[in-house]
1. When you scan the range 153-175, do you find a residue that is surrounded by fewer than 17 Cβ atoms within 10 Å (Cβ to Cβ) and not in a helix (DSSP H, G or I), even just one?
2. So, in the range 92-124, of the ones that are surrounded by 21 or more Cβ atoms within 10 Å (Cβ to Cβ) and free of Cβ contacts under 8 Å to residues at least 60 places away in the same chain, which residue ends up farthest from F177 (Cα to Cα)?
3. Restricting to the range 153-190, name every residue that is out of contact with any helix residue (DSSP H, G or I) (no Cβ under 9 Å at 6 or more places or on another chain) and either among the basic types (K, R) or in contact (Cβ under 8 Å) with a residue 12 or more places away in the chain (or both).
4. When you check F130 against the structure, is it out of contact with any Cys (no Cβ under 8 Å at 6 or more places or on another chain), modelled with pLDDT under 95 and part of a helix (DSSP H, G or I), yes or no?
5. Regarding F150, is this residue surrounded by 16 or more Cβ atoms within 10 Å (Cβ to Cβ), in contact with a Gly (Cβ under 8 Å, 6 or more places away or on another chain) and either among the aromatic types (F, W, Y) or without any contact (Cβ under 8 Å) to a residue 12 or more places away in the chain (or both)?
6. Looking at the range 176-212, which of the residues that are in a loop (DSSP other than H, G, I, E, B) and under 24 Å from I105 (Cβ atoms) is farthest from the chain's Cα centre (by Cα)?
7. Take the conditions under 20 Å from the mean Cα position of the chain (by Cα), modelled with pLDDT of 85 or more and farther than 27 Å from A179 by Cβ and apply them to L89. Does it pass?
8. Any idea how many residues of the range 81-90 are surrounded by fewer than 23 Cβ atoms within 10 Å (Cβ to Cβ) and either farther than 22 Å from K206 by Cα or of a type in the set (G, A, S) (or both)?
Amino acid sequence: MAILPQPALHPLFEALGYAGGYALYRHQRAQRGDIISDDRRWWIIAAAAIGALLGSRVLGVLEYAPIHGFRVQQLFAFTGGGKTIVGGLLGGWLAVEIIKRLAHIRSRTGDLFAVPLCIGIAIGRIGCFFAGLADDTCGTPTTLPWGVNFGDGIPRHPTQLYEFLFLILLAFALHRFNARRHHEGRTFRLFMAAYLAWRFLIDFIKPQPLFHGLNLIQWACLAGILALAASDVVPSTEPVYA
């Protein structure tokens, strides 16, 4: 299978991903309500956005530092590549935890974002697929019948489509999980654990520079999974959603 790269579609699908994820978040919040007041909610959303932007950029630039070196000015050149979803998720999560501690918010606030994040990232991955080789998200060469020629004559793993399918299945599973009794914060933590584990595995078939046997994204995924495991203590007083 061969595709003609369409880089112009990448920002379009990225914007659709943001819009679709936010619309789904608002729909879920209207249905279930929110335990956080409006002013505090917007502080959390702002912290998540800023943390995601910085985390995405920092990890995206460091990802190729073993080959191209690292220059501080690259962190502030927000046009073009050098961004990664894993860095965005980890940076957003860290920023939210910091702002919650400063604002003395003890409730776990990520559940409403889990399914919208799945859908938003999935839509964005369609744009990555059409961007072709320039996006650096396609996989290594393969002889499998569904390998995709992104314009260089070499069939490669369409890892963007693999991730799209994974995220749709994960969104469905998390939606079903939300319908059951569960502790507050559990849905978001399941999303983070599942996505980080997925990225750790799928990056074995991505042509990225390695650092001690793994690429930097994989090391970040391992760090995130360990952080989740270390903090995964559910107090007996934590609310349970029916």
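The values are calculated or read from the model by the stated rules, or taken from the named source; none is laboratory data. Not measured: the values here are computed from a predicted model. Cβ sites come from the backbone with ideal geometry, for glycine too, and all protein chains shown count toward neighbours.
1. yes
2. Filtering first and then ranking leaves A95.
3. Selection gives I154, P155, R176, R180, R181, H183.
4. Here the answer is yes, as F130 does meet what is asked.
5. When the stated conditions are applied, F150 passes them.
6. Checking each candidate, the answer is R181.
7. Spelling it out, it is not the case that L89 is under 20 Å from the mean Cα position of the chain (by Cα), modelled with pLDDT of 85 or more and farther than 27 Å from A179 by Cβ.
8. The total comes to 2.
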